[in-house]
1. For the list (1) within 16 Å of ligand 1 (Cβ to nearest atom); (2) not assigned by TED's automatic domain parsing to the domain that holds V169, I need the number of the one condition that N286 fails.
2. Considering only the range 37-62, state which residues are among the aliphatic types (A, V, I, L, M) and surrounded by 21 or more Cβ atoms within 10 Å (Cβ to Cβ).
3. Going by the structure shown, is S165 surrounded by fewer than 17 Cβ atoms within 10 Å (Cβ to Cβ) and not in a strand (DSSP E or B)?
4. Out of everything in the range 184-228 that is basic (K, R) and over 33 Å from the mean Cα position of the chain (by Cα), what residue ends up being nearest to ligand 1 (Cβ to nearest atom)?
5. (1) without any contact (Cβ under 8 Å) to a residue 60 or more places away in the chain; (2) out of contact with any strand residue (DSSP E or B) (no Cβ under 6 Å at 6 or more places or on another chain); (3) not hydroxyl-bearing (S, T, Y): which one isn't true of K229, the others all being true?
6. If you scan the range 288-306, which residues turn out to be assigned to a loop (DSSP other than H, G, I, E, B) and either surrounded by 17 or more Cβ atoms within 10 Å (Cβ to Cβ) or in contact with a His (Cβ under 9 Å, 6 or more places away or on another chain) (or both)?
7. Tell me which of these R280 doesn't satisfy, since it passes every other one: (1) surrounded by fewer than 20 Cβ atoms within 10 Å (Cβ to Cβ); (2) more than 16 Å from ligand 1 (Cβ to nearest atom).
8. Does at least one position in the range 205-226 carry a residue that is within 14 Å of ligand 2 (Cβ to nearest atom), among the small types (G, A, S), surrounded by fewer than 17 Cβ atoms within 10 Å (Cβ to Cβ) and touching a residue at least 12 places away in the same chain (Cβ under 8 Å)?
Amino acid sequence: MSIERILVADDEESIRWVLSRALKKQGFTVDLAEDGRQALNLFRKNHYDLAVLDIKMPGLQGIELLKQVREEYPATLVVIMTAESTMENAVAAMKNGAYDYLTKPFDLDALDAIILKAQKAAEVSNQISQLKEELQGQYSFGRSIIGNSQPMQEVYKTLGRVAPSDVTVMITGESGTGKELIARAIHFNSGRFAKPFIAINCAAIPHDLLESELFGHERGAFTGATERKAGKFEQANGGTLFLDEIGDMPLELQAKLLRVLQEKEITRTGGSQILHVDVRIVAATNQNIAKLIAAKRFREDLYYRLNVVPINLPSLQQRKDDIPALVEFFLQRAQKDLGVSVTECSQDTIEFLQRHSWPGNVRELENVIKRAALLSPNHILMPEDFPGLLDGHRNKNQDESLETVVARKLENSLAKMDLHELDNLYEMVLHQIERPLINIILHQTRGNQVRTAEILGINRNTLRKKINTLAIEVKRG
Ligand SMILES: Nc1ncnc2c1ncn2[C@@H]1O[C@H](COP(=O)(O)OP(=O)(O)OP(=O)(O)O)[C@@H](O)[C@H]1O
Ligand SMILES: [Mg+2]
């Protein structure tokens, strides 16, 4: 990209006219706005390489506009124009990310000089971002994060805020929500991107080996240690270490990890040499760490050390809006990697997929799409291509008996609960059936309790008591 399209926003028509004529003459595409709102509308439609904004316009002021543009369109360079050249104006403009600052009336040469400078800067920054992209592509293996739902936007915001610093991040979320993906994104958006991203899964490595995996060992440190081995901390030096499933780390090792994090030094098992390490830590878990702390299976001090910035990933259930984009993404990937000829999903299928509860989150969706794409004989995926996703199907099925529906729901809900933690399961479940039943009949009888009791076949006093204990609201009429 060089500078091609320019937005000029000024409430004075003469200025708009002069600038637009001069810039168009030089071959730029120029759009004009009379005030801040118009400018923002144009920003939403087009990409501008450069924007020349008057600081004083009716409605949205130039500085406010500048702030918004810098935030939402950081790739656009902004030059601020002002008739009053006060220091406050200039400082405010530059502090808020203006590229340069012009005082009216100005020579068109002054603007030209700025554009030339911007051209050069754009070329250099292009080269850099191209290099960076190449590098990132190489390291990140093209992993994109899909999803623009509200909860994901929150995740991206935090990600953007924390990635450039060295702050420790703790990612939580159900299995398959993309914790590792986010950990990688943090690394590849940090200054450490060209250095290693090393992941270690604390749940997958036997406890007695974990220590030497993390910190390395000297030759002969234990039986089987025939060579000196660098641990993950050493391998990640200068880069990022991703401690996955941190909740599974044994307590003794947690103590050692805490020391290492505080001192930024390690010693290999069986060694005495102290090695300085510069490693950014990102940790993840799908367990409830608060519970582990309460059960004395996780050190509270380590938790606070790791949880400097928490990122909680939404379950797929909480962001069903993202399902269409995810499906499209996984289908494209299947075409590329597996050579399948399925190209799209019918709208029916999308809706059907959105009804599924996705306990395995994005990973489950990914696998399901891959499987369906491999097995489907058609170009378009239909609900029939997902015979395994019965709960989505059944929701649609009106012929099921109440008992079947309840049984399935119950089974699902119970699977998600820790049954040993509950002492009133029976009552809890019955309440969840009684409450809607009474509610429905009350609604049908327009709040008539006598009729309701009759229909339900229970005594009026019993009904009144139930209404009280179940905290049911009776609406009349
Ligand atoms: N937002 C997303 N966009 C695209 N792919 C995603 C997204 N989230 C997750 N995935 C994909 O889903 C799979 C699971 O993601 P990942 O391994 O990061 O999950 P996880 O939270 O670490 O799971 P677990 O707790 O089981 O380790 C991966 O193949 C990943 O690429
Ligand atoms: Mg993971």
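The values are calculated or read from the model by the stated rules, or taken from the named source; none is laboratory data. Bear in mind that the values here come from a model prediction, so they are computed numbers and not experimental data. Every residue, glycine among them, receives a Cβ derived from its backbone with ideal geometry; neighbour counts consider all protein chains shown.
1. With respect to (1) within 16 Å of ligand 1 (Cβ to nearest atom); (2) not assigned by TED's automatic domain parsing to the domain that holds V169, N286 is out only on (2).
2. Going through the range 37-62, the residues among the aliphatic types (A, V, I, L, M) turn out to be 39-40, 42, 50-53, 55, 57, 60.
Within the range 37-62, A39, L50, A51, V52, L53, I55, M57 meet the criteria.
3. yes
4. Of the range 184-228, the ones basic (K, R) are 184, 192, 195, 219, 228.
Now restrict to residues that are over 33 Å from the mean Cα position of the chain (by Cα): 219, 228.
Numbers: R219: 33, R228: 31 Å.
My answer is R228.
5. If we test K229 against (1) without any contact (Cβ under 8 Å) to a residue 60 or more places away in the chain; (2) out of contact with any strand residue (DSSP E or B) (no Cβ under 6 Å at 6 or more places or on another chain); (3) not hydroxyl-bearing (S, T, Y), just (2) comes out false.
6. Step one: list which residues in the range 288-306 are assigned to a loop (DSSP other than H, G, I, E, B), which gives 288, 295-299.
Of everything in the range 288-306, those that are assigned to a loop (DSSP other than H, G, I, E, B) and either surrounded by 17 or more Cβ atoms within 10 Å (Cβ to Cβ) or in contact with a His (Cβ under 9 Å, 6 or more places away or on another chain) (or both) turn out to be F298, R299.
7. (1)
8. No, the conditions are met nowhere in the range 205-226.
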